1. Can you sort SER265, SER47, SER77 so the residue with the fewest Cβ neighbours within 10 Å comes first?
2. So, counting K/R as plus one and D/E as minus one, what does the shell of residues with Cβ under 13 Å around ALA48 add up to?
3. Does anyone have the angle between helix 21-32 and the longest principal axis of the chain? Alpha-carbon axes, 0 to 90°, nearest 10?
4. In whole Å, how far is the Cα centre of region 76-112 from that of region 197-243?
5. Label 7 Å along Cα→Cβ of ALA189; region 199-238 residues with amide nitrogen under 17 Å?
6. What does the net charge come to around ASP197 if you take all other residues with beta carbon closer than 12 Å to its beta carbon, with K and R at +1 and D and E at -1?
7. Hey, for a label at THR69 modelled as a point 7 Å past Cα toward Cβ, could you say which residues of region 98-136 have their backbone N under 18 Å away?
8. Please turn the phi angles of region 11-16 into ³J(HN,Hα) values with the Karplus equation 6.51 cos²θ - 1.76 cosθ + 1.60 (θ = phi - 60°), one per residue in order, whole Hz, x for glycine and proline.
Amino acid sequence: MQRNSGGAVEPLKIAFIGAGRLATNLAPALQAAGCELLEVWSRTRESASELAARLKCHAAWGHVGEATTEADVYIISVSDAALQEVVGALHKGRERALFAHTAGSMPLGLFAEAGHERGGVFYPMQTFSKQRAVDFSRLHFFIEATTTEDLRLLAQLASGLTAEEHIHEAGSAERRRLHLAAVFACNFANRCFALADDILQDAGLPFDAMLPLIQETVEKLNTLSPEDAQTGPAVRRDSNVIGMQRAMLLQRPDLLAVYDTLTRSIQQPHSTPKQDK
C-alpha cells in the first residue's frame, strides 16, 4: 500500500507477468487482500484473458514490452528459462516500479544486471495447480529485495496473505537450498506416488487405498522429525521382505533402481557429508 498526498492509504497497483499456476492462485489472493490488479500479461491471449476475466482487469499478450507501464509492482511468474529475457524486456518506461519474481532458484541480482534499480523476490513455499485453490494463510513466504524499503513493501504484501511469523527474509543462496529441499519433499515425493500408482494398476488395485497412508505420513510430521517418522522394511532392516520386493521388480529395472537407492538412503541417512551453506 502507499499513501497519497493527503495521507490516505491507496492500494498498490499490481501487474502480473505470467498467467500460469502460481499467478492463477496468487493474483486473486492479493486482490482479495486489497491490492488493485491492473493487468495480466501472458505470451498467449487465451491464458492472459482467462485470468484477467476472473480478476476483472486488463489482459495483454504477445511481447512483454506491450505490458502496462502504470503498475507500482510487477510480479513476474514465468518459467526460470524465460525469466532473464522477460526481466530485460520490462525495463523501458517502468524505471520507478518494483519488480519481484517468484522463482526459487533464480537470483535477485538478475534485476540489477538488466538495469533495474528496484528488484525483489516474493517466493511462496507451495506447489500450485490451476484446478485447486490454495489457502495462503498457511504458507511461508521468503522475500528479498535490493533496498530495505522494498523489503518492507514485500513483507507488507505477504502480511495480507499469511501470518507475520510465516514471512522470512532469505538471500538467494538460502532460497536455492529451499528450492532444492522442495524438489525432494514435493516433486520427488509425488513421483513416488505416481510409481506406486503404476504398481497398483498392474494388479488392478485403486490408488485411493494409499491416500489415508499418505495423509497420515504427512500429519505425523507435525509432531515428529522425518527421520523419527520413518517406517517400513528398510528402516527395520527386514532383509527377507526387501529381497521379495526386489524380486517383484526384476522386470522393472527403472523401479528397482529407485527402490535400491531409497533403501540405501534410509539405512544410511547420514552417509552424505553436509555442505557448508
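Read-outs: derived from the displayed coordinates by stated rules, not from any lab. Fair warning: this is a prediction, and the values are worked out from it, not measured in the lab. For neighbour counting, all protein chains shown are included, and Cβ atoms are generated from backbone atoms with ideal geometry for every residue, glycine included.
1. On the way: SER265 12, SER47 20, SER77 25.
Listing SER265, SER47, SER77 from fewest to most nearby Cβ atoms yields SER265, SER47, SER77.
2. Values: positive: ARG43, ARG45, ARG54; negative: GLU39, GLU46, GLU50, GLU66.
With Lys, Arg at +1 and Asp, Glu at -1, the neighbours total -1.
3. That works out to roughly 50 degrees.
4. 41 Å
5. Residues 210-232 fall inside that zone.
6. Values: positive: ARG191; negative: ASP198, ASP202, ASP208.
Once positives and negatives cancel, what remains is -2.
7. Residues passing the 18 Å test: 98-99, 115-118.
8. x, 5, 8, 10, 10, 9
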